[in-house]
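Read through the structure below, which is laid out as C-alpha cells, and then see the notes.
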Amino acid sequence: MTHIRHPLRPPFMGGMEAHGWHLARELAGRGHEVTLFGSGDSAPPPGVRLHAVLEEHYDRRYPWHDFHGTDTLNDLLDATFAAACRDVAAGAFDVVHNNTLHRFPPRLSRARRLPMVSSMHVPPFAALRRAMGDSVAPWHLVTTCSRLQLGRWWEVPPASARVVGNGIALADWPFSASGDGSAVWAGRITPTKGTHLAVQAARIAGVPLTLYGVIEHRDYFKDEIAPLLGGDIRYGGHLAGADLASAFGRASALLFTPLWDEPFGLAAIEAMACGLPVAAVEMGAVREVIGPCGTYAPPNDAEGLAQALVKAMSLPREAARARVEERFSIRAMVDGYEALYAGAVAARETDWPGIAYASHELEVVPEVVTAGT
C-alpha cells in the first residue's frame, strides 16, 4: 500500500515514489506475487498488479500546499483508505507493506491479525504517532529508514520496530570516475528542500550549478529561485532516472540542502552511487547517511555551505560509491524487508494477550475494524 499524493511512475516526484516503485520491482523480480495499492495513474513495474484506490493522485485536484490539514483533503483520504482497507482485508494477502502514512492500515493489522510491515518515511505527526502506538502487535512490525528517525518516533522503541535503510538499484546509477567541476542539486523544488540555499552557495563558491526536479511550489520557484538563475546557474528540468544518473555522473559534487528533519535523503545516495561527494546542510539523518563522503554546514548558512562545496569537490569519488554499495543497495533493503515479512507472518498466531480497543482506535469503518476482532 502506498501513499497517493503522487503517482508511482517514473520520473518520480520524490523519494517515497521511487522507494515504493523499486521495492515492488525487486519483490516481483524475486518471485513474489505483488499487488500495488496506489493511485490509478501509477505505472507499476512489469509483473506487478495495480489496485487503484483512487482514479488519480490527489495532488492534481487538491494540491497539498493548498489543502493540507483541511477537512476536504482529510475526508478524501479517510474515505479512500477506508475502502482500501476493506479491499486489503478481503484480499487474502500473506503480508502487507504499508507505505501510506495513514492511520487506518496499522489499526487494521492489529485488529485483524493481518501481518504487516509499516514504514515511517517522515518525522512523526500526532495522528499517525497515535495510530502506531495503538497498533503495536507481534505481527505488525515497523521500520524507519535511519536510527535518528527511530528515536524521533519512540523514546524507547518497541521490540517490533526496526531500522531498514533505503536502497537503490546500483545498476541504475553507474559510477563515473571524474567530474567536470560543476555541482548538481536534485529534488522537489519546495522551501523545505532548500533549493535557494544551494543556488546561493554555488554563486558564492563560483561553482556552476544545475538544478533538477519537479517544481512543486510554483510561487517559491518564481519568487526565490528564478531570479537567481542565469550564467552558470540553471534549471535543467525534471529528468527520468537514466538521464538524471548521466547528469550526476558528469558533475563533481551534489548540493544537498534539506531544511527540515530529513529522515534519510534518497537523492544523496543516488548521486553518491554515481561517484559524487556531497556538500550538505546537516539536518536530521544527513550525516548518518552520507558519513565521511560529505562535508557539512549548518542550516541557512550559505557562506558555510559554499565552503563545504569547495571541500567536497576534493573528496574521493570511489569512497562515495563504496558507501552506497556497502549500506544502501536495494538488495540489502529488500533482504531486510523480507526477513520482517517472514517474522510478521510467523507471529500471526502468537498468543498475545491484552488486545483492548479504545474508542479512537476504531476510526476505520466498522466493516473493517470492530471491537473484539
Residue 237 being in the same structural domain as residue 195 (by TED's automatic domain parsing), farther than 25 Å from residue 298 by Cβ and small (Gly, Ala, Ser):
yes
Please determine whether any residue of region 319-333 is buried (at least 23 other Cβ atoms within 10 Å of the Cβ) and over 28 Å from residue 116 (Cα atoms).
yes
Subset of region 151-164 [without any contact (Cβ under 8 Å) to a residue 40 or more places away in the chain and assigned to a loop (DSSP other than H, G, I, E, B)]
154, 155, 156, 157, 158, 159, 160
Scan region 70-92 and tell me whether some residue there is of a type outside the set (A, V, I, L, M, F, W, C), assigned by TED's automatic domain parsing to the domain that holds residue 40, assigned to a loop (DSSP other than H, G, I, E, B) and closer than 23 Å to residue 145 by Cβ.
no
Quick test of your reading of the structure: residue 90 fulfils all but one of (1) surrounded by fewer than 15 Cβ atoms within 10 Å (Cβ to Cβ); (2) more than 21 Å from residue 5 (Cα to Cα); (3) among the aliphatic types (A, V, I, L, M); (4) within 21 Å of the chain's Cα centre (by Cα). Name the failing condition by number.
(4)
Kindly indicate whether any position in region 347-366 is part of a helix (DSSP H, G or I), at pLDDT 75 or above, within 23 Å of residue 142 (Cα to Cα) and among the β-branched types (Val, Ile, Thr).
no
Some residue of region 107-122 being among the small types (Gly, Ala, Ser) and surrounded by fewer than 20 Cβ atoms within 10 Å (Cβ to Cβ)
no
Kindly indicate whether any position in region 165-184 is free of Cβ contacts under 8 Å to residues at least 60 places away in the same chain and aromatic (Phe, Trp, Tyr).
no
Taking region 122-150, which residues are in a helix (DSSP H, G or I), touching a residue at least 40 places away in the same chain (Cβ under 8 Å) and within 29 Å of residue 254 (Cα to Cα)?
147, 148, 149
Tell me whether region 268-275 contains one or more residues that are closer than 30 Å to residue 68 by Cβ, free of Cβ contacts under 8 Å to residues at least 60 places away in the same chain and in a helix (DSSP H, G or I).
yes
Tell me, please, whether a residue that is acidic (Asp, Glu), at pLDDT 95 or above and closer than 15 Å to residue 321 by Cβ can be found in region 219-240.
no
Tell me which residues, restricted to region 150-199, are closer than 23 Å to residue 330 by Cβ and polar (S, T, N, Q).
166, 176
Test set (1) over 16 Å from residue 188 (Cβ atoms); (2) free of Cβ contacts under 8 Å to residues at least 40 places away in the same chain; (3) part of a helix (DSSP H, G or I); (4) more than 18 Å from the chain's Cα centre (by Cα) - residue 290 fails condition number:
(4)
For residue 31, the lone unmet condition from (1) over 21 Å from residue 141 (Cβ atoms); (2) in contact (Cβ under 8 Å) with a residue 12 or more places away in the chain; (3) surrounded by fewer than 21 Cβ atoms within 10 Å (Cβ to Cβ) is (2)
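Yes/no matrix, rows are residues, columns are (1) closer than 25 Å to residue 279 by Cα; (2) surrounded by 16 or more Cβ atoms within 10 Å (Cβ to Cβ); (3) β-branched (Val, Ile, Thr):
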position: 129; (1), (2), (3): no, yes, no
position: 143; (1), (2), (3): no, yes, yes
position: 164; (1), (2), (3): yes, yes, yes
position: 179; (1), (2), (3): yes, yes, no
position: 203; (1), (2), (3): yes, yes, no
Top-ranked residue in region 93-106 [being assigned to a loop (DSSP other than H, G, I, E, B) and touching a strand residue (DSSP E or B) at 6+ places or on another chain (Cβ under 9 Å); ranked as surrounded by the most Cβ atoms within 10 Å (Cβ to Cβ)]:
100
Hits in region 18-42 - residues which are touching a Lys or Arg at 6+ places or on another chain (Cβ under 8 Å) and not in a loop (DSSP other than H, G, I, E, B):
21, 26, 34, 35, 36
Among the residues of region 244-256, write down those that are more than 16 Å from the chain's Cα centre (by Cα) and either under 21 Å from residue 327 (Cβ atoms) or in contact (Cβ under 8 Å) with a residue 60 or more places away in the chain (or both).
244, 245, 247, 248, 249, 250, 251, 252, 253, 254, 255
The lone exception for residue 64 - which of (1) surrounded by fewer than 19 Cβ atoms within 10 Å (Cβ to Cβ); (2) without any contact (Cβ under 8 Å) to a residue 60 or more places away in the chain; (3) more than 17 Å from residue 2 (Cβ to Cβ) it fails:
(3)
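The values are calculated or read from the model by the stated rules, or taken from the named source; none is laboratory data. The shown structure was predicted, so the numbers you read here are calculated from the model rather than taken from an experiment. Positions of Cβ are generated from backbone atoms using ideal geometry, with glycine treated the same way; all protein chains shown enter the neighbour counts.
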